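Asks: Okay, handing you the structure first.
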């Protein structure tokens, strides 16, 4: 019987070690492997105060927010990397249209004056989605090597900007708009040469 207890104890310890290794990998690489639920701040005490339908819609919309977050951040990264390669560390002041530079400067000042933590130390993080499109099209000499068509990029960015509205302003997306979002994201990647 001692052998069975030892085997069971060994099995349990192996599981604990594997779980610990997975947790370390998640932390090291900033990924979720799915062995445990996502770590969240506990807001569950507020949930009963919200209507069940609203909670259900929020859970459905979370996936679209995540998709758009990834897309918008990857566009910012593409702009930053491409324009840095073209113009060096002062790329923001050299390549971004003056109106956008001015508007971003005002947003940063407003945020500083609010007393809240600044969202970023990079100006690009203060741009809105429409401004990202203007930055790309204003620097077509750089982005023309990445995208197949300027008009396609303008159309796709315009569509994405319209689709972004309900996601950013906490409104549910209609089923047709979910389909349109998925197709437009595919269009974005297809437009890249």
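Throughout, read-outs are computed from the coordinates displayed, never taken from laboratory work. Everything numeric here is computed off the predicted structure, so don't read it as measured data. All Cβ positions, even for glycine, are placed from backbone atoms using ideal geometry, and neighbour counts span all protein chains on display.
Asks: Counting other beta carbons within 10 Å of each Cβ, put 108, 7, 146 in order, fewest first.
Replies: 7, 146, 108
Asks: If all Cα-Cα distances of the range 93-193 are sorted into 5 Å bins from 0 onward, what percent lands in each bin, rounded to whole numbers?
Replies: Pairs per bin, as whole percents: 2, 11, 18, 17, 18, 15, 11, 5, 1.
Asks: Now, a different point. Given the -39500 (n - 2.57) contribution per DSSP H run of 4+ residues, what per-residue ellipticity at 222 nm results for the chain, rounded to the nearest 500 deg cm²/dmol? The partial results should precede the final answer.
Replies: Working: 8 runs with 136 residues, N = 193.
Using -39500 (n - 2.57) per qualifying helix, the result is -23500 deg cm²/dmol.
Asks: Connecting C-alpha atoms closer than 10 Å in a GNM of the chain, tell me which of 144, 30, 130 has the biggest fluctuation.
Replies: Most flexible of the set in this elastic network: 30.
Asks: By counting other Cβ atoms within 10 Å of each Cβ, how are 114, 138 ranked from fewest to most?
Replies: Starting with the residue having the fewest Cβ neighbours, the order is 114, 138.
Asks: Right, next: Using the 10 angstrom Cβ neighbour count as an exposure proxy, how do 74, 159 rank, fewest first?
Replies: By the 10 Å Cβ count, ascending: 74, 159.
Asks: I'd like the FRET efficiency for residue 180 and residue 77, computed as 1/(1 + (r/R0)^6) with the beta carbon distance as r and R0 of 22 Å, rounded to 0.05.
Replies: The value I calculate is 0.35.
Asks: How far, in nm, would the chain grow between residue 94 and residue 55 when pulled straight, counting 0.36 nm per residue and subtracting the alpha carbon separation? Write out the running numbers ahead of the final one.
Replies: Values: separation 39, 0.36 × 39 = 14.04 nm, distance 4.55 nm.
Result: 9.5 nm gained on full extension.
Asks: For residue 86 and residue 145, compute 0.36 nm times the residue count separating them, minus their Cα-Cα distance, and round to one decimal in nm.
Replies: 20.0 nm
Asks: Would you please give the FRET efficiency between residue 193 and residue 116, computed as 1/(1 + (r/R0)^6) with r the Cβ-Cβ distance and R0 = 41 Å, to the nearest 0.05?
Replies: 0.50
Asks: I've got another one for you. For labels at residue 63 and residue 102 in the simple 7 Å Cα→Cβ model, what's the distance in nm?
Replies: Output for this residue pair reads 4.4 nm.
Asks: Something else: Using all Cα-Cα distances in the chain, what percent lands in each 5 angstrom bin from 0 up to the longest?
Replies: 1, 6, 11, 12, 13, 13, 13, 10, 7, 5, 3, 2, 2, 1, 1, 0
Asks: Give me the angle, in degrees from 0 to 90, between the Cα long axis of helix 2-29 and the longest principal axis of the Cα atoms of the chain, rounded to the nearest 10.
Replies: Helix 2-29 sits at roughly 10 degrees to that axis.
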